[in-house]
Every structure is written in C-alpha cells, then in structure tokens.
1. Within the stretch 97-104, does at least one residue satisfy the condition of being near the ligand (Cβ under 9 Å from one of its atoms), within 22 Å of residue 25 (Cα to Cα) and assigned to a helix (DSSP H, G or I)?
2. Condition check: without any contact (Cβ under 8 Å) to a residue 60 or more places away in the chain, more than 28 Å from residue 256 (Cα to Cα) and not aliphatic (A, V, I, L, M). Does residue 140 satisfy that?
3. Quick check, is residue 93 part of a helix (DSSP H, G or I), of a type in the set (S, T, N, Q) and farther than 30 Å from residue 193 by Cβ?
4. In the stretch 1-45, what residues are small (Gly, Ala, Ser) and out of contact with any strand residue (DSSP E or B) (no Cβ under 6 Å at 6 or more places or on another chain)?
5. Listed residues 125, 120; which is within 30 Å of residue 221 (Cα to Cα), modelled with pLDDT of 95 or more and more than 16 Å from the ligand (Cβ to nearest atom)?
6. Give just the number: which of (1) within 16 Å of the ligand (Cβ to nearest atom); (2) of a type outside the set (Gly, Ala, Ser); (3) surrounded by fewer than 17 Cβ atoms within 10 Å (Cβ to Cβ) does residue 250 not satisfy?
7. Which one is surrounded by the fewest Cβ atoms within 10 Å (Cβ to Cβ), of the residues in the stretch 78-130 that are more than 16 Å from residue 181 (Cα to Cα), of a type in the set (A, V, I, L, M) and in contact (Cβ under 8 Å) with a residue 24 or more places away in the chain?
8. Can you find a residue in the stretch 216-239 that is surrounded by fewer than 12 Cβ atoms within 10 Å (Cβ to Cβ) and of a type in the set (A, V, I, L, M)?
Amino acid sequence: MDLLTWGRSPWGEWILTHISWDLLWASFFAGFAFLLAHASYMLLSAHRKRAAAETDQLEAARADLPARISRHSLAARLFHWVMAAAMFVLLFTAFLPIVGVQFAWVTWHWVAGLVLTASIVFHIIHATVWMDFWSIWVGPKDIPELKAELLRELGKEVDGPKPGKYPLGNRLYHLAIVVAGLLVVTSGLFMMVRIRTPFFTRNPYLLGDATWGVTYVAHGLAGVGLVGLVIAHVYFAVRPEKWWITKSMILGWITRRQYLEHHDPQRWVAR
Ligand code: HEM
C-alpha cells in the first residue's frame with residue numbers, strides 16, 4: 001500500500017501531491033477496530049465501580065452542594081455543537097467524493113472550514129479568559145492518576161487521585177484533536193488561496209509546488225486522522241455508561257451524585 005501519491009512538477013521533478021486515499025480506509029478500520037476492542041474489553045474487564053452505598057455516604061456528607069452541578073456553560077455547549085456540525089460537513093464533503101459520491105463539494109467544504117476556524121478561535125479565547133485553562137491538559141503530574149485508574153481497571157480499590165473536571169482519557173483525546181485540528185485548519189486556510197473564493201484572487205503560485213504538496217499531504221493526514229478520532233468520540237458519547245457526560249453537553253449540568261461518584265471535589269471545585 002502506498003501512503004503518499006507523487007506527481008511531476010513542470011520541471012520534471014518528482015513532488016508530493018496528496019496522501020494515498022487508502023489511508024482513509026485504514027483510519028476507518030482503526031476507528032472501528034478500536035471500538036470493537038474497547039467494547040469487548042468492557043464486557044470482560046473487572047473495572048471497579050464504586051458501590052451505591054459508598055456513593056450514598058459521600059452524598060450525605062456533601063449535602064451542602066447544589067443538586068445540579070454546572071459542568072458546561074451555554075457558550076461552551078454552543079461551541080461544541082457548532083464545531084461538531086462543521087466537522088461532520090467537512091468530513092462528508094471531503095470524503096464522499098473520494099469514495100465515489102460526486103458533487104460540487106469544494107464550496108460547502110471551505111465554508112464549513114471557516115465556521116470550524118471561527119469556532120476554534122472563539123474556543124481558544126473563551127478557554128483562556130473564562131475557563132480553567134489548565135484543567136484539560138495532560139503532563140507528568142498526571143502519572144499518579146494514570147496508575148490509580150489502571151489499578152481500578154484491574155479491579156483494585158485504590159485511594160489514589162480521581163479525575164478533576166476531565167477524565168484522563170478525555171484529556172488525551174483533546175490533545176489529539178488539538179494537533180489534528182490545528183494542522184487541518186492551518187493547511188486548509190493556505191489551500192483556500194488555490195481555489196476561487198469571494199475573498200481574494202486565486203494564487204496557486206503563493207507556495208512552490210513541493211510546498212503545496214506537503215500542505216496537501218498534511219491536510220490529508222490530519223483529515224483521515226480526524227475520521228478515526230471522530231468515530232471514537234461518537235462511540236464514547238453513545239455508550240450508556242457515558243450518557244451522563246453526553247447529557248451534560250446538552251443540558252449543561254450533572255447531578256451532585258454524578259459529581260461525587262466520578263470526580264475529585266478537591267481537583268474540580270464545584271460552584
Ligand atoms: C475535519 C476537517 C477537514 C477534513 C477531514 C478535510 C479534508 C480534506 C480533504 C481530504 C481534501 C482533499 C485534499 C486533496 O485533494 O489532497 C480537502 C481539501 C480542501 N480543504 Fe479540507 N478538510 C478539513 C478542514 C478544512 C478546513 C478547516 C479548511 C479551511 C479553513 C479546509 C479547506 C480545504 C480546501 C480549500 C481544500 C482544497 C480544495 C482543492 O484544492 O480543490 N479544509 N480537505
């Protein structure tokens with residue numbers, strides 16, 4: 001399987017043109033293989049769940065907390081759903097023609113691309129100024145939490161740290177989506193210069209042939225990566241044991257019980 005496709009420049013040099021679209025199928029395969037592996041693991045694993053009586057005790061001890069704990073502000077929820085809609089339009093407009101469904105996709109694609117870009121700019125400002133910026137990032141400080149979570153997966157009772165606002169898996173996922181998202185957006189904005197838009201005169205000579213090749217390859221790689229990432233994300237969102245998180249992205253809140261059951265109140269102080 002070739003991973004990249006090559007062409008000849010007007011001067012006869014071999015230059016990169018695109019990724020090979022076989023990679024799209026590889027990403028689909030990886031996404032579905034991951035969800036099958038995870039679903040089988042969940043059926044067989046010893047994952048330690050806190051007993052209901054234990055959560056009852058926790059709840060009784062923290063009756064001072066409101067019954068509904070605010071998890072996502074209206075602005076954060078709007079960002080999430082605008083970004084999700086733009087992402088789906090981008091994925092379908094990009095990949096339907098590649099799998100044989102032909103239509104005039106380019107305009108839909110770059111318009112959705114600009115919506116995604118605007119929503120990301122909004123999110124960066126919102127997260128930096130109004131949200132707890134560091135709560136979503138992962139680093140060496142999270143090793144004790146990783147160890148504790150792994151032991152819980154093995155069925156052991158551990159006192160070790162529980163997640164703050166975001167579980168470790170969510171924070172790792174966010175990191176992957178940041179890398180793929182920023183790559184697809186920056187390469188896509190450059191690629192807009194090559195096509196006809198109402199904003200500026202088309203200029204396919206802005207970059208050299210080899211640099212355009214690298215830009216298209218970067219865009220394609222990030223794009224197919226997003227296929228696998230989106231499959232995994234939707235899979236977790238629809239799993240019954242995660243509905244409470246998905247519901248909070250619609251309604252904005254979780255219950256006091258869910259807060260105490262899944263989070264460390266010292267690492268995520270509910271307001
Ligand atoms: C989920 C995100 C995205 C995916 C999966 C995606 C995927 C793709 C793919 C597969 C292509 C064809 C590339 C090729 O022929 O080598 C493409 C082209 C293109 N994309 Fe995206 N893209 C995404 C986001 C964006 C964004 C954010 C923008 C702009 C801000 C954008 C603008 C463009 C443009 C202008 C083209 C070039 C069309 C052409 O040269 O004919 N894309 N995209």
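1. yes
2. yes
3. For residue 93, the condition - part of a helix (DSSP H, G or I), of a type in the set (S, T, N, Q) and farther than 30 Å from residue 193 by Cβ - is not met.
4. 12, 26, 27, 30, 31, 33, 37, 39, 40, 45
5. Only one candidate passes the filter, namely 125.
6. Here residue 250 meets the rest and fails (1).
7. 99
8. Yes, the stretch 216-239 contains at least one residue that is surrounded by fewer than 12 Cβ atoms within 10 Å (Cβ to Cβ) and of a type in the set (A, V, I, L, M).
The values are calculated or read from the model by the stated rules, or taken from the named source; none is laboratory data. Computed from a predicted model, the values in this text were never measured in an experiment. Quick reminder, even Gly has a Cβ in these numbers, built from the backbone with ideal geometry, and neighbours come from all protein chains shown.
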